[in-house]
């Protein structure tokens, strides 16, 4: 996994805290320059140990707006783009000289409910949120053909996915009933934090938040949408400052542990938290802990399926969607392969032009 990569001790000693701005490695490309919020430039590494590299230079450009990225591709200013707007995908598909490289994502987008803050310390309220939010409307309105409604915290293509679990479904009357049982017959006010950036698991969090806001008000919940700069957003959610917050995850290694333990276990709820629902459930954690230490695949499968049942009942999240990852590219781009873990690898890419 990336965080466990071997790095140069000489470079660490030389640069110290500034090591992150002076990368040194043995990869297919050599670092040339980084201009913050503009671009990162790499040149081909003639001494690369892994075979020939076609591209002489690789430039990663920062273009924050999805429509602007698509326009840059059409103009030939770039050769491929990340995170297209789903509204643009039909036009991309019908545009000459454009190819769509697609693959089911190993990801999940979700709304975490902070279980340490009222009213989300009450399971009935968390369940009511799941009934009050219509994920299909969100998928249709934001993800389009590239989305699939989520009901579990792991993607459906991953082993141990528990498809026997019945999704809450959209049922505002049931939501009102549960809110009344929980002591909120007239609903409540809440903050709904929305990410400021596009990610494969959530291409437009602000738009998702606006759809949720319109749905929640129908059951008496008045949601104020809040956002911050991305780094600040992550810092604040890590420290549990939110009442509810959208986030997501793309898997690192293809194992359910990488979702369930990292995002939902009790240890992950210690600040700074990866488990931003701050959900501390011993039954869930024990199931995942047992699955960590057995090599019996069938037993691991059983344990993870049981853990998903606990998650569903306790409802620390409103799962939103899993997305298909799409990379639009010029048709002369060859051998660009999408990695399930979200990596972007260019060492085998070549241009037929």
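Quick one: would you say residue 272 is surrounded by fewer than 20 Cβ atoms within 10 Å (Cβ to Cβ) and closer than 22 Å to residue 116 by Cβ?
yes
For segment 171-212, taking the residues that are over 23 Å from the mean Cα position of the chain (by Cα) and in a loop (DSSP other than H, G, I, E, B), the one that is surrounded by the fewest Cβ atoms within 10 Å (Cβ to Cβ) is identified as 186. Residue selection: residue 99 fails the criterion of being over 26 Å from residue 278 (Cα atoms), modelled with pLDDT of 95 or more, in the same structural domain as residue 244 (by TED's automatic domain parsing) and touching a strand residue (DSSP E or B) at 6+ places or on another chain (Cβ under 7 Å). Among the numbered criteria (1) surrounded by fewer than 18 Cβ atoms within 10 Å (Cβ to Cβ); (2) under 30 Å from residue 27 (Cα atoms); (3) touching a residue at least 40 places away in the same chain (Cβ under 8 Å), which one does residue 116 miss? Answer for residue 116: the failing condition is (2). Of the residues 138, 154, the single one that is assigned to a helix (DSSP H, G or I), touching a strand residue (DSSP E or B) at 6+ places or on another chain (Cβ under 8 Å) and surrounded by 22 or more Cβ atoms within 10 Å (Cβ to Cβ) is 138.
Of the residues 254, 274, which single one is farther than 13 Å from residue 158 by Cβ and either touching a residue at least 40 places away in the same chain (Cβ under 8 Å) or assigned by TED's automatic domain parsing to the domain that holds residue 315 (or both)?
Selected residue: 274, the only one of 254, 274 that is farther than 13 Å from residue 158 by Cβ and either touching a residue at least 40 places away in the same chain (Cβ under 8 Å) or assigned by TED's automatic domain parsing to the domain that holds residue 315 (or both).
Sub-7 Å Cβ pairs linking a first residue in segment 281-304 that is over 14 Å from residue 267 (Cα atoms) to a second residue that is exposed (fewer than 13 other Cβ atoms within 10 Å of the Cβ), at least 6 apart or interchain, are 300/294; 301/159, ordered by first then second residue. Criterion first (part of a loop (DSSP other than H, G, I, E, B) and surrounded by fewer than 17 Cβ atoms within 10 Å (Cβ to Cβ)) does residue 91 satisfy it? So residue 91 does not fit the description; no.
Say whether the condition of being at pLDDT below 95, under 28 Å from residue 93 (Cβ atoms) and outside the structural domain of residue 112 (by TED's automatic domain parsing) is met by at least one residue in segment 329-336.
no
Among the residues of segment 221-246, those that are within 20 Å of residue 203 (Cα to Cα), out of contact with any strand residue (DSSP E or B) (no Cβ under 6 Å at 6 or more places or on another chain) and either touching a residue at least 60 places away in the same chain (Cβ under 8 Å) or part of a helix (DSSP H, G or I) (or both) comprise 230, 231, 232, 233, 234. When residue 7 is tested against (1) part of a loop (DSSP other than H, G, I, E, B); (2) farther than 23 Å from residue 250 by Cβ, exactly one condition is not met: (2). Would a scan of segment 121-133 turn up a residue that is free of Cβ contacts under 8 Å to residues at least 60 places away in the same chain, more than 21 Å from residue 169 (Cα to Cα) and in the same structural domain as residue 206 (by TED's automatic domain parsing)? Within segment 121-133, one or more residues are free of Cβ contacts under 8 Å to residues at least 60 places away in the same chain, more than 21 Å from residue 169 (Cα to Cα) and in the same structural domain as residue 206 (by TED's automatic domain parsing).
Does residue 47 satisfy the condition of being under 29 Å from the mean Cα position of the chain (by Cα) and outside any strand (DSSP E or B)? No: the conditions fail for residue 47.
Here residue 245 meets the list (1) out of contact with any helix residue (DSSP H, G or I) (no Cβ under 8 Å at 6 or more places or on another chain); (2) modelled with pLDDT of 95 or more; (3) under 22 Å from residue 147 (Cβ atoms); (4) surrounded by 16 or more Cβ atoms within 10 Å (Cβ to Cβ) almost entirely, failing just condition (1).
The values are calculated or read from the model by the stated rules, or taken from the named source; none is laboratory data. Quick caveat: nothing in here was measured; it's all calculated off a predicted structure. Glycine also receives a Cβ, built like all others from the backbone with ideal geometry; neighbour counts cover every protein chain displayed.
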